[in-house]
Amino acid sequence: MRIGISVITHQGQNIWQNGLGQNVMFLSSLFQRLSFVQSVVLIDVGDQGVMPPQVDLQSNNLRLMRTHEATDEVDVIIEMGGALDVGWLDLMRARGKKVVYYCCGQPYVGLVESPIFNKPSHAPRPDRCDEVWYLPKDAAYAPMLRTLQRCEAYEIPYIWHPSFIEQRVREVAEQGFVYGYTPTPAAPTGERTGLRVAIFEPNISVVKSSSIPMLVCDEAYRADPTSVTAMHVLNTLHMKDHPTMLYFANSLDLVRQHKATFHGRHDVVGFMVQHANAVVSHQWQNDQNYSYLDVLYGNYPLIHNSPWLKDADYYYPDFETRLGATQLLRAAAEHDGQLDDYRARSQRVFESVDPFSRHNVDGYAERLLHLCRDARFMNRAA
């Protein structure tokens, strides 16, 4: 079995722009571990012809090719990092190949926000694939995906590996910075210094917005002004002049007391080593995010509402800002003392998403074999 995974190269690309590029690489590495997979290639639907600088194709035993070059090189096509030409997919399916739509983004929001907010969108023909694969975070939308794409949809494991963050940690270390939580020395009075909080929500969708984290921080600050010494809100410059954003921000005590700073886009590692030692996050029906794992990898307190990470500590449910503030206050008071336990909890999360763990490898192997159970190329291989 030969597998091709779509990617989209573009000018100024960086592996830290979103989690999709990393996901493609983790999936490629997992497929290469399967005994029945002969090769894995990346199918470029972009305009650069090279991968981001953080990706070494040679060391990963991968080739990057255009669609026409992949025609005789693949048996299974995973539409994942970029939309593939429907005519080419029709040709490949007519030749007995299999096509999977790997749904990474939250599918409901991707469908409804574009027309409601007049955002750019891409709407490929729904009957272009044999199966849809979706992540556990999107299980609630499986019926919608089946109806929309007119084929069966299956849940597949969520995978992550620290290889990219380890690479980034080495880069900042060369500049004299150390990534990772450091216990805060007590002040001469015996009190600990408050947390410097970062909020990394992208603010381009209602799924992941900074509004709730800002309220969590302000609620904690009003309860105990020593708990938060700074609030850094990233990815907000495009909203800084919006009347609602201005009114909302100026209503917060942290802003009035000049303890809030609004920034553009930064990667987690590069920002945390210079400006912050805790993260407050919020999501709406999108609880699996690589940024959470990056924060946990550095042992920083992550105050979050992700049920998936409930056992990793500092969890608050839904939109319960007061409970989020309680967790932030607890992190400020207790994180130093429970660092070893926190690290152990995080390690269990990392093990559950390891692309090379037996349960994840078997999960993808099962899906591929089921997908290709009646494929002519499998019969030839047998």
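Based only on other Cβ atoms within 10 Å, what is the fewest-to-most ordering of HIS304, HIS232? Could the numbers behind the result be given before it?
Numbers: HIS304 27, HIS232 22.
The most exposed by this proxy come first: HIS232, HIS304.
Whole Å is fine, so just give me how far the alpha carbon centre of the range 221-254 lies from that of the range 76-113.
With the range 221-254 and the range 76-113 each reduced to a Cα centre, they are spaced 40 Å.
How large is the dipole of the range 163-353 about the Cα centre if only Lys and Arg carry +1 and Asp and Glu carry -1, each at its Cβ, rounded to the nearest 20 debye? Present the calculation step by step, with values, prior to reporting the outcome.
Details: 16 positive and 22 negative charges, 66 e Å.
Dipole about the Cα centre, nearest 20: 320 debye.
Using unit Cβ charges (K, R positive; D, E negative) and no other charged atoms, how large, in debye to the nearest 20, is the dipole of the chain about its Cα centre? Kindly include the intermediate steps, with their values, before the conclusion.
Numbers: 35 positive and 43 negative charges, 102 e Å.
Rounded to the nearest 20 debye, it is 480 debye.
Give the long-range amide H neighbours of ALA260: residues separated by 5 or more places, or on another chain, with amide H under 5 Å away, using H modelled in the peptide plane at 1.01 Å from N.
Distant-sequence amide H within range of ALA260: MET231.
Put +1 on the Cβ of each Lys and Arg and -1 on the Cβ of each Asp and Glu in the chain; which of TYR101, GLY324, THR193 then has its Cα farthest toward the positive end of the dipole?
It is TYR101, whose Cα lies furthest towards the positive end.
In the chain, with Lys and Arg counted as +1 and Asp and Glu as -1 at Cβ, which of these residues, MET231, THR9, GLN175, has the Cα nearest the positive end of the dipole, that is, farthest along it?
Selected residue: THR9.
In what sequence do MET65, MET51 fall when counting other Cβ within 10 Å, fewest first?
Details: MET65 16, MET51 22.
Going from sparsest to densest Cβ surroundings: MET65, MET51.
Cα-Cα over 31 Å: which of LYS119/LYS240; LYS208/LYS259; LYS259/LYS310; LYS97/LYS208; LYS97/LYS137? Numbers along the way, then the final one.
Details: LYS119/LYS240 19 Å; LYS208/LYS259 23 Å; LYS259/LYS310 29 Å; LYS97/LYS208 37 Å; LYS97/LYS137 28 Å.
Distance filter (> 31 Å) returns LYS97/LYS208.
Going by the alpha-carbon gyration tensor, a ≥ b ≥ c the square roots of its eigenvalues, is the range 163-353 rounded (a/c under 1.5) or, if a/c is not under 1.5, prolate (a/b greater than b/c) versus oblate? Present the calculation step by step, with values, prior to reporting the outcome.
Details: a/c = 1.31, a/b = 1.18, b/c = 1.11.
Rounded, because the longest to shortest axis ratio a/c is under 1.5.
Please list log₁₀ I(q)/I(0) at q = 0.11 Å⁻¹ for the chain, using the Debye equation with identical point scatterers on the alpha-carbon positions.
Log10 of I(q)/I(0), two decimals: -0.83.
Calculate the length of the line joining the C-alpha centroid of the range 1-29 to that of the range 36-73, in whole Å.
9 Å
Would you work out if the range 164-257 is rounded, prolate or oblate? Take a ≥ b ≥ c from the square roots of the eigenvalues of the alpha-carbon gyration tensor; rounded if a/c is under 1.5, else prolate when a/b is larger than b/c, oblate otherwise.
Here the range 164-257 falls in the oblate category.
What residues have an amide H closer than 5 Å to that of VAL40, excluding those fewer than 5 places away on the same chain, when H is modeled at 1.01 Å from N in the peptide plane?
Long-range HN contacts for VAL40: ILE3.
Values in this text are rule-based calculations from the coordinates and carry no lab data. Just so it is clear, the model here is predicted, and its values are computed rather than measured. Note that each Cβ is placed from the backbone with ideal geometry, even for glycine, and that neighbours are counted across all protein chains shown.
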